[in-house]
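Remarks on the structure that follows.
The values are calculated or read from the model by the stated rules, or taken from the named source; none is laboratory data. Keep in mind the model is a prediction, meaning the values are calculated, not measured. Because the Cβ atoms are built from the backbone with ideal geometry, glycine has one as well, and the counts that use them run over all protein chains shown. Keep in mind that these areas ignore ligands, DNA and RNA; they rest on the heavy atoms of the full protein, side chains included. Shrake-Rupley method; radii C 1.70, N 1.55, O 1.52, S 1.80 Å.
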Amino acid sequence: MWSSLDCVYSIGADCNFLRAMGWLRGVDPYEPVLFWMGVTLLLMTLLLKRSMSKELESKQS
């Protein structure tokens, strides 16, 4: 399990092999793009929350 952990966030020869084996068996393979989209969404949400809290603080002053 630990040896394939890098397949969560990157694309490599071993990861491509595992995805191909899953695809040949009829299983939709995991794509690291989903991971990076989730990270991007999380960061955007945190930045938006931070900027909104600063704006509310400035309006209350």
| Given the conditions (1) of a type outside the set (D, E, K, R); (2) surrounded by 11 or more Cβ atoms within 10 Å (Cβ to Cβ); (3) at pLDDT below 85, which single one is not true for MET1? | (2)
| Does TRP36 meet the test of being surrounded by 11 or more Cβ atoms within 10 Å (Cβ to Cβ), within 19 Å of the chain's Cα centre (by Cα) and either modelled with pLDDT of 85 or more or not small (Gly, Ala, Ser) (or both)? | yes
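From the set of residues in the range 39-60 that are of a type in the set (A, V, I, L, M) and closer than 29 Å to VAL8 by Cβ, which is least open to solvent (accessible area, probe 1.4 Å)?
As a first pass, look at the range 39-60 and keep what is of a type in the set (A, V, I, L, M): 39, 41-44, 46-48, 52, 56.
Checking the rest, the ones that are also closer than 29 Å to VAL8 by Cβ come to 39, 41-44, 46-48.
On the way: VAL39: 46, LEU41: 109, LEU42: 101, LEU43: 98, MET44: 119, LEU46: 96, LEU47: 113, LEU48: 99 Å².
This residue is VAL39.
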| said: I'd like to check something: does the range 21-33 contain any residue that is without any contact (Cβ under 8 Å) to a residue 60 or more places away in the chain, surrounded by 10 or more Cβ atoms within 10 Å (Cβ to Cβ), in contact with an Asp or Glu (Cβ under 8 Å, 6 or more places away or on another chain) and not acidic (Asp, Glu)? | reply: yes
| query | Filtering the range 4-20 down to residues that are open to solvent by 100 Å² or more (accessible area, probe 1.4 Å) and part of a helix (DSSP H, G or I), which residue is modelled with the lowest pLDDT? | reply | ASP14
